[in-house]
Amino acid sequence: MLNPKPTAGDTSWFTDDRFGMFIHWGLYALPARHEWIKQIEQIPDESYDKYFRYFNPDLYNPEQWAEAAAKAGMKYMVVTTKHHDGFCLWDSKLTDYKATNTPYGKDLLTPMLSAFKNQGLRLGAYHSIIDWHHPEFPIDDLHSMRNHPDRAKLNETRDIKKYAAYLHGQTKELLERYDLEIMWFDFSYPAGKHGRPATWIGKGKDDWQSEKLLKMIRKLKPNIILNDRLDLPEGWDIKTPEQYQPQSWLMVDGEPVVWEACQTFSGSWGYHRDETSWKSVEQLIHMLIDTVSKGGNLLLNVGPTGRGEFDARALDRLAGMGKWMHQHSRSIYGCTQSEFTPPVDCRFTQNGKKLYLHLFAYPFRHVHLEGFAGKVDYAQFLHDASEVKMIEVDPHAEAQNTSMAGQAGTLTLELPVAKPEVTVPVIELFLK
Ligand code: GLC
């Protein structure tokens, strides 16, 4: 079994918990057409300001959010304390651009973190290192004002060092004020990396003063889990692939690392009213299983509305996942990639001597496990603990005129013809 080298942060709980909720919430819930809307439509500050003036999530009830997450089987959460538009959910001393100054008038973060903690979830902060609102943040090629006619002139008075001080100060505030176990920064975009040209004007570790930031974080919270987006070659704990399922366990310099895929329900992270590309419950459950079968975590995002609620589509997906998790979480929590290769259309996860066979496509009556003869003590469906009969194939035996299976050494599981009424059936195999 693959075992990543330990890092400074404590990932032991993280690789057991496997399933977390990402929350992207901020002013962009009002335009409701992507959290990057300020950048995509190059909206000037004066005009983006209307979302600040009208932000009033009057139905906000974080207990309901936390309950929905816990019922879905999620064990931790990561919330956008600030996204790229610069708006802060908590009552930061270092800015006026925060929830308390909107018509809503109250801190949104503190009650949220308490509510999730009360439901037993661990807490994490996503914090944007990008800031398209801060007056000291130099306008680069990604900025919402990148095409501003006075860009060069405006940049003359912008000082990245002052912005870095703000970034460090806010990080300190968050770490000191809240009981955070994950610090999730987003993101670096230096020239010449990730397909960006050498002439690109971006930002990286020297702009953020990432090394200094890292030192402060480790001093304040030595064991906090830190993600990999500060443009540092080391010092982080988790790799964070986004919006795709890796082919296999993520490796860095040939070594396996702790990793977490972050995924959306429909494509954008902030609330998007008109997006029609919503994944089905089945797709999402497949995604969770596939992730754990490759030794990873899934951080699944909800973008709450401007009224402060999870919309019906999100609640439907969460409930569907929760229904499956209620009976199947044993094949997720504490599990990792197995050293065994699964049959076609299946995924294995493993927890010690318990091996979980997930049937993505339900076969007719039999599933053949090559090389498993003599290795399994007992087999049962996970959802109802009903025995699954095991047949050790004698390659010479006759089954209705022909021999049923191929190879010696194969263990065949006998299934009911009708697929059990669960989204993905799982067979729990107790290894000898
Ligand atoms: C990206 C996007 C962003 C989202 C994040 C989540 O880097 O900038 O909007 O917050 O990914 O991983």
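The values are calculated or read from the model by the stated rules, or taken from the named source; none is laboratory data. None of the values given here were measured: they were computed from a predicted structure. Because the Cβ atoms are built from the backbone with ideal geometry, glycine has one as well, and the counts that use them run over all protein chains shown.
Have a look at Asp85, Asp10 and point out the one that is among the acidic types (Asp, Glu), away from the ligand (no atom under 16 Å from the Cβ) and at pLDDT 95 or above. After applying the criteria, what remains is Asp10. In this entry, Lys50 passes the filter for residues that are outside any strand (DSSP E or B) and free of Cβ contacts under 8 Å to residues at least 24 places away in the same chain. Taking the stretch 6-47 as the range and being within 17 Å of the chain's Cα centre (by Cα) and at positive phi as the test, only Arg18 passes. Within the stretch 126-140, residues that are closer than 19 Å to Thr157 by Cβ and in contact (Cβ under 8 Å) with a residue 12 or more places away in the chain reach partners that are within 14 Å of the ligand (Cβ to nearest atom) and polar (S, T, N, Q) with beta carbons closer than 7 Å, at six or more positions or on different chains, in the pairs Trp132/Gln39; Trp132/Ser144. Taking the criterion of being touching an Asp or Glu at 6+ places or on another chain (Cβ under 6 Å) and at positive phi, the only residue of the stretch 320-374 that qualifies is Gly334. Summed over the stretch 249-273, residues that are closer than 14 Å to Glu35 by Cα and either within 10 Å of the ligand (Cβ to nearest atom) or not assigned by TED's automatic domain parsing to the domain that holds Tyr28 (or both) total 4. Residues in the stretch 103-131 that are part of a loop (DSSP other than H, G, I, E, B) and in contact with a Leu (Cβ under 9 Å, 6 or more places away or on another chain): Asp107, Leu108, Ile129, Ile130, Asp131.
Of the residues that sit in the stretch 347-375 and are buried (at least 19 other Cβ atoms within 10 Å of the Cβ) and of a type in the set (A, V, I, L, M, F, W, C), which one is nearest to Leu299 (Cα to Cα)? Out of the qualifying residues, it is Phe348. Would you be able to say whether some residue in the stretch 166-185 is surrounded by 15 or more Cβ atoms within 10 Å (Cβ to Cβ), modelled with pLDDT of 95 or more and acidic (Asp, Glu)? Among the residues of the stretch 166-185, at least one is surrounded by 15 or more Cβ atoms within 10 Å (Cβ to Cβ), modelled with pLDDT of 95 or more and acidic (Asp, Glu), which makes the answer yes. For the stretch 137-167, which positions are assigned to a loop (DSSP other than H, G, I, E, B), within 24 Å of Asp186 (Cβ to Cβ) and not charged (D, E, K, R)? Residues satisfying the conditions are Phe137, Pro138, Ile139, Leu142, His143, Ser144, Met145, Asn147, His148. Considering Pro62, Pro57, Pro31, the condition of being in the same structural domain as Ile224 (by TED's automatic domain parsing), under 26 Å from Asp316 (Cβ atoms) and without any contact (Cβ under 8 Å) to a residue 24 or more places away in the chain is satisfied by Pro31 alone.
Looking only at the stretch 232-258, count every residue that is in contact (Cβ under 8 Å) with a residue 40 or more places away in the chain and among the charged types (D, E, K, R) and tell me the total. Total satisfying the criteria: 2. Only residues that are free of Cβ contacts under 8 Å to residues at least 12 places away in the same chain and either surrounded by fewer than 15 Cβ atoms within 10 Å (Cβ to Cβ) or touching a His at 6+ places or on another chain (Cβ under 8 Å) (or both) were counted across the stretch 194-220, and they come to 8.
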